Amino acid sequence: MAKVILTNEGFRRAILHRQRSVSEGAMKTQGEIEAVICEGISRFEQELHGRGPKEIHTFLLGNFLVVRLQGVLTAAEQQLVQALPAEKGRDLLKQVRPI
């Protein structure tokens, strides 16, 4: 699995907004933090691939962050993966969409 470093401007803005809110004394709940992260990652996907995920869930567990994206493949990419044996389709998709 490739390691992705998010440098998207929208994601950075969302995180900076969260940091400013905390420094101003407006402490965010865990759900609010997770929502800001979802919004930033959704914007990142939109800018990178031209479309966002159908579903996105973020789970903040202590200092561990889990983000689950569903519905990120286009119809053509889904067809490509389904038409070929699992390993070949997955490898070809990774070549076409490196991230």
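If the condition is being surrounded by 10 or more Cβ atoms within 10 Å (Cβ to Cβ), free of Cβ contacts under 8 Å to residues at least 12 places away in the same chain and of a type in the set (S, T, N, Q), then region 74-99 contributes Q78, Q79.
Take the conditions more than 16 Å from E34 (Cβ to Cβ) and under 13 Å from the mean Cα position of the chain (by Cα) and apply them to E87. Does it pass? Judged against the criteria, E87 is not a match.
Under the condition of being outside any helix (DSSP H, G or I), of a type outside the set (A, V, I, L, M, F, W, C), at pLDDT below 90 and open to solvent by 40 Å² or more (accessible area, probe 1.4 Å), the residues counted in region 27-73 number 6.
The values are calculated or read from the model by the stated rules, or taken from the named source; none is laboratory data. What you are looking at is a predicted structure, and each value in this text was computed from that prediction instead of being measured. Heads up, the Cβs are rebuilt from the backbone with ideal geometry, glycines too, and the neighbour counts pull from every protein chain shown. To get the accessible areas, we keep the full protein, side chains included, count just its heavy atoms, and leave off ligands, DNA and RNA. Shrake-Rupley method; radii C 1.70, N 1.55, O 1.52, S 1.80 Å.
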